[in-house]
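Have a look at the structure below before the remarks.
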Amino acid sequence: MSFRFEIRLSGSGGQGLILAGKVLAEAAAIYDGKNATQSQSYGPEARGGASRSEVIISDEDIDYPKAEQLDLLLALTQEACDKYVGHLRENGILLVDGSLVPNPPAGTFRIVDIPFAEIAEKEVGRSLVANIVAIGAITELSRIVSIEGVESAILARVPKGTEELNLKAFHAGIEAAKRAQGG
Amino acid sequence: MGTVDVTMDGQHPRLPIPPSWCVFVDPERRRDLISILAELSGLWEGMVEPFIIVGALSLVLRERLRFTALWDIDLLFPSEEAVETFADRRPPGGVRVVAYDDQLMRGAGIASLHTAWRICSKWINVDYIYRPPFYRLHYSTFEKDGPLIQEVRLGEETFQIRVPVAHPWDVFLEKIISPRFSSVVESGYGMHPDVRHILFLLQSETEQEGFWSYLEQTARVFGLVEGVRQGMELLLANRDYLGYGEFELPAVLDAKIGRFGR
């Protein structure tokens, strides 16, 4: 049976969401041999304001490249959460960092709260890799891209000498998602 | 400016077919990307001021970036009106275009419209961008060098590519003085494409004849000398912080920057 999995990464500029979307799409398309599209958009106010990246992954050709019913929504601002939560399909996953989204709305979806920024700071030692922690969590929660594929995509983009730091962040995200699911 | 053989209509030696940059396009998307570049080749010549391919893909086409990624096509236009006119035109036959944005997204110093194009089976992002004053910078070089001309043979098919593509030295200038560049560097975000691309260009171009004099002359014309020097100094001062302590750069780079504009 074929699948189509839609992910939206939303928040504000500077959170590394566009890059996170590219890493997920490259993991799926280049390293896992699936079909993937990745798009980005910025709020009309200014860059540095709202930021959004969408990734669609499928095992077949993708007929339409815009997300319509999200399987997973990562929201890293309350505003983004409120704006996009209605696009989540039933039984989809709303992934938030509770310190940034204090009031996630209830609905027919599953809420997973992972403190990406805190994990990046305390477990990895660099707050900047919060987006890589989020990629790890999405990898674990979606099971739509392989761990090896994402590792390869991360390694293809990070500066030489920072591989260990970034992979540590990625695996911290995977472990945090397992804990959040009680696994 | 240094000569890029492939831009010189009728004067270039026989090129490898397909060109070596094709290796850095995901094989599954290669035909789609090349097909779209071939379609774009037929769309600019009637324009008074054509779009110019800028950004990462321009560096791939000019053989400065040598790694595989899902490349987007960034088209730079001379005005917001030119973006809107292009967006409103009927797509060429066989091309499906989907707009990600409902309207032109206006931000600080930039307006953009994000779309995806498909000819074969894969969607390729094509972003329409207006970003003053950089069009003038790229256009002045395009007027001198002309479009990138390549014949690309893939299997039994041959594609004729003839499109305006930014020169890497102009891309360097655009990126180094971009308003977002200093904040990206100061944040320590070493994975940001601007940081990466500038470092790759410093690595490949620093010892190229004419690079520094071109940068300096062009920066003077556009009143950018201070901004360019400050951008380079900021980047080098934060090299370790950005995670590029092990990235090899030519030994003469510090001296070149030290003398820049003085």
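Values quoted throughout were computed directly from the atomic coordinates according to the rules given, and no laboratory measurement underlies them. Keep in mind that this is a model prediction, so the values were computed, not measured. No Cβ is skipped: glycine too gets one built from the backbone with ideal geometry, and neighbour counts run over all protein chains shown.
By definition, a body whose alpha carbon gyration tensor gives a ≥ b ≥ c is oblate when a/c is 1.5 or more and a/b is not larger than b/c, and segment A:51-135 fits this oblate description. Between helix B:134-145 and chain B there is an angle of about 70 degrees, using the helix long axis and the longest principal axis of the Cα atoms. Take each peptide in B:113-123, B:44-54, count the other Cβ atoms within 10 Å of every residue, and average; sorted highest first, the result is B:113-123, B:44-54.
Mean sequence separation of contacting Cα pairs (under 8 Å, at least six apart), scaled by the length of chain B, corresponds to a relative contact order of 20 percent.
Helical runs assigned H by DSSP (4 residues or longer) give the protein assembly as shown a calculated mean residue ellipticity at 222 nm of -11500 deg cm²/dmol, each run adding -39500 (n - 2.57) before division by the residue total. Remark: segment A:90-99, residue by residue, has Karplus-estimated 3J(HN,Hα) of 4, 6, x, 10, 9, 9, 9, 9, x, 6 Hz, where x stands for each Gly or Pro and the curve is 6.51 cos²θ - 1.76 cosθ + 1.60 at θ = phi - 60°. Taken as Cα centroids, segment B:25-96 and segment B:141-188 sit 10 Å apart, rounded to the nearest whole angstrom.
For residue A:92, the amide hydrogen comes within under 5 Å of the amide hydrogens of A:110, counting only partners 5 or more places away or on other chains and with H modelled in the peptide plane. Couplings 3J(HN,Hα) for segment B:39-50, derived from phi with the Karplus relation 6.51 cos²θ - 1.76 cosθ + 1.60 (θ = phi - 60°), are 5, 4, 4, x, 9, 9, 5, x, 7, 4, 10, x Hz, where x marks Gly and Pro. Rounded, prolate or oblate: which one fits segment B:106-153, using the alpha carbon gyration tensor with axes a ≥ b ≥ c (rounded when a/c is under 1.5, else prolate when a/b beats b/c, else oblate)? Oblate, because a/c is 1.5 or more while a/b does not exceed b/c. From the Cα gyration tensor of chain A, with a ≥ b ≥ c the square roots of its eigenvalues, which class applies: rounded if a/c is under 1.5, or else prolate if a/b is larger than b/c, or else oblate? In terms of gyration-tensor shape, rounded. A cut-off of 5 Å between modelled amide H atoms, ignoring neighbours fewer than 5 places along the same chain, links residue B:126 with B:73, B:115, B:116, B:117.
Between amide H atoms placed 1.01 Å from N, distances below 5 Å from residue B:154 occur with B:159, all of them 5 or more places distant or on a separate chain. Listed values for segment A:72-89 are Karplus-derived 3J(HN,Hα) couplings in whole Hz (6.51 cos²θ - 1.76 cosθ + 1.60, θ = phi - 60°), namely 9, 10, 8, 10, 10, 9, 4, 4, 5, 4, 5, 6, 10, 4, x, 8, 6, 6, and x replaces Gly and Pro. The residue list B:257, A:55, B:214 was ranked by how far each Cα lies along the charge dipole of the protein assembly as shown toward its positive end, using unit charges on Cβ atoms, and B:257 comes out on top. Using a cutoff of 8 angstrom between alpha carbon atoms and counting only pairs six or more residues apart, the relative contact order for segment B:102-222 works out to 13 percent. Of the cross-linked pairs A:83/A:168; A:22/A:160; A:160/B:144; A:66/B:144; A:22/A:83; A:66/A:168, those separated by over 28 Å at the C-alpha level are A:83/A:168; A:160/B:144; A:66/B:144; A:66/A:168. Counting only other chain Cβ atoms within 10 Å of each residue's Cβ, the peptide B:188-195 averages 5.
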